[in-house]
Structures are given as structure tokens and as C-alpha cells.
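Inspection log for the structure reproduced underneath, given as C-alpha cells.
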Amino acid sequence: MKLVDAHVHLSDAEYAGHIEELIADAKTANVSALITNSMDLKTCQNDVKLTQQYPNLVYAALGIHPWNVNVLKEGELEKTVSFIKEQRSLVTAIGEIGLDYKYETIWEKQMMVFDRMLHLAEELGVPVIIHSRGTTDKIVEMLPSYRLKRVLLHWFSHPMSALLKAIENDYYITEGPPVTYSKGIRDVVENTPLTHLLTETDGPVAYWKQPFNGQLTKPSFIQNVVAAIAELKKMQIEEVAQQIASNFEVFFGVKLT
Ligand SMILES: [Zn+2]
């Protein structure tokens, strides 16, 4: 059985000093691929190093996260774009990018950076991984005007109308540990065809409900996520894992080893 973590932040400061432990945990838990998502130029650079250190296991999604738009240094946007272009052969996706309603005061700057990242994805011909807290309707409405290879809406929570539109547009959804306890996320999974679903941890985000209890988020949490999806879909865990592994290969154009 092959499991996948399609959204994690291995270069986050909270994971410093834990990478070897996380990689060992992934291997023990049959997690065959991890997509490490960048937040800014520094994490882009580190994520590229991780893909070189752990080939055929760690893959990079590079980009600028909406939370970092506010603290972008002079020239950092263009430097990041150039860096991503230079690393094209190691770029599996552009992510994590998007819009967040909590940063409404810098809405125009968020839009400018998001638009730049979407154009970069068009230019490189790679998929995008999207953060859309409180902005899903807006994002689902604006994406069709770009020529994007594939779209992944990460930690999709609401509204259901945007979910239906996203699936109609052939977008994929990732869900993580909250599928084991959150009614809203369980509803999303029930309404998403298994062919359009991927699994994630979004580590180092911590989960406080059982069985996670706030411990360091690890790739092996994917086992709990897949088991919860299997229960909701009334399928065998192996069947669900196999379909999600196949979705991963199709979505990212990566062959799992
Ligand atoms: Zn994330």
C-alpha cells in the first residue's frame, strides 16, 4: 500500500531538527511521496535542497503564501519568480499560493502576488496548490481565466456550492487529519468523488483532538486520514489508498516508487 502527503511544510521552523525523524516515519508508514510547500523565498530554497536530499520521496511546490505577502522584502517577489524558473526541473507544482480573508487590509497586494504566481504556473506548465480561507468562491470564479494545468484546493472547508463548481472544473481537493473529527470536512469528503481527492497533513500544523493530541504532526497521520475516508466512502482502506495514490500520480505527473 502506498500513501501520499500532498501538502506539508517541511521547511517550516517548527520542523527544524526533525527532518530525519519525519522521513523515517514516512517510510515506516508507507508514505511514498511528500509535497513540501514553500511560503517565501527562503523556504523555496530549502525545499529544493530537500528534494535533492530525498529524491523520489520529497517533491517541491514553490511559491509565496498569502500570509507572507505582508512581509515580502524589496525585490523578493521577482527574486522568488527567478529562482523558481531556474529550478524548473525540480518544481512539481506552484504552491502554497492563494488568498486569505484575514489579510483583507492588504487585499490588492495579495491579489497582485497571487496573479504573479498563477502566471508563473501557466508559464511553467505545472499544477497549483491553493490556500483559499474565506475566499473560495472568489478563487473558483477567477481561476478559469488562467490556463492552468491542474488545480488543487487544499483543506477545502466551504461553501458546498464552490465545491460542486470546483469538481465540475476538474479541480482536486486535499483533506487531512480533521476528516477524522470535523463534521464540515467529513461533509466535503462525502461530496467529493474519490477520483478528485488527495490526502495531506499540512504539518507542522498541530491537531488537538484524539488521537493526535497536539503531538508533532508526522507523515504517518495519513494512515488515520485514509482510514477515515474509507469509513465515509464505505470502502476498504487498501482500495482508497490505491485510488488516492493513482490520483497523486495523475495530478502531479509523478510516478510513485
Ligand atoms: Zn499549508
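What are the semi-axes of the equivalent ellipsoid for segment 70-223, taken as the square roots of 5 times the Cα gyration tensor eigenvalues, largest first, in whole Å?
The three semi-axes for segment 70-223 are 26, 19, 16 Å.
Quote to one decimal, in nm, the extra length available between residue 115 and residue 85 on full extension: 0.36 nm per residue of separation minus the C-alpha distance between them.
Roughly 9.2 nm would be gained on extension.
Work out the FRET efficiency for residue 236 and residue 74 from their Cβ-Cβ distance, taking R0 = 45 Å, and round it to the nearest 0.05.
Between residue 236 and residue 74 the formula returns 0.25.
With the Cα gyration tensor of segment 196-257 in hand, convert its eigenvalues to equivalent ellipsoid semi-axes via √(5λ) and list them largest first in whole Å.
The equivalent ellipsoid of segment 196-257 has semi-axes of 22, 16, 8 Å.
Taking every alpha carbon pair in segment 36-87, what does the distance histogram look like in 10 angstrom bins from 0, in percent?
P(r) for segment 36-87, in whole percents per bin: 27, 53, 18, 2.
Based on the alpha carbons, how large is the Rg to Rh ratio for segment 126-182 when Rh follows Kirkwood?
Using Cα coordinates only, the ratio equals 0.96.
So what does the Cα-only Debye profile of the chain read at q = 0.08, 0.18 Å⁻¹, as log10 I(q)/I(0), no solvent term?
-0.27, -1.57
Kindly flag which residue pairs out of 138/233; 73/109; 79/218; 149/218 have an alpha-carbon separation exceeding 24 Å in this structure.
Beyond 24 Å: 138/233; 79/218; 149/218.
On full extension of the chain, what length is gained from residue 142 through residue 2, given 0.36 nm per residue of separation minus the C-alpha to C-alpha distance?
Result: 47.0 nm gained on full extension.
For the chain, what is the relative contact order in percent, using Cα pairs closer than 8 Å and at least 6 residues apart in sequence?
Averaging sequence separation for qualifying contacts and normalising by length gives 21 percent for the chain.
Given the convex hull of the Cα atoms of segment 27-124, what is a quarter of its surface area in nm²?
6.8
What spacing in nm lies between the two simple spin-label points modelled at residue 49 and residue 165, each 7 Å away from Cα in the Cβ direction?
Distance between label points: 4.1 nm.
Are there DSSP H segments in the chain that both extend 20 Å or more along their axis (alpha-carbon positions) and score a mean Kyte-Doolittle hydropathy of at least 0.0? List them, or say none.
Helices meeting the criterion: 237-252.
Using helices alone, what [θ] at 222 nm do you get for the chain, with -39,500 (n - 2.57) per DSSP H run of 4 or more residues, divided over all residues and rounded to the nearest 500?
-12500 deg cm²/dmol
Between segment 163-202 and segment 5-48, how many Å separate their Cα centres?
With segment 163-202 and segment 5-48 each reduced to a Cα centre, they are spaced 22 Å.
Over all directions, the average projected area of the alpha-carbon convex hull for segment 156-248 comes to how many nm²?
5.6
Every read-out reported here was derived from the displayed coordinates using simple, explicitly stated rules and does not represent laboratory data. If you're wondering where the values come from, they're calculated on a predicted model, not measured in any experiment. As a convention, Cβ positions derive from the backbone with ideal geometry for all residues, glycine included, and neighbour counts pool all protein chains shown.
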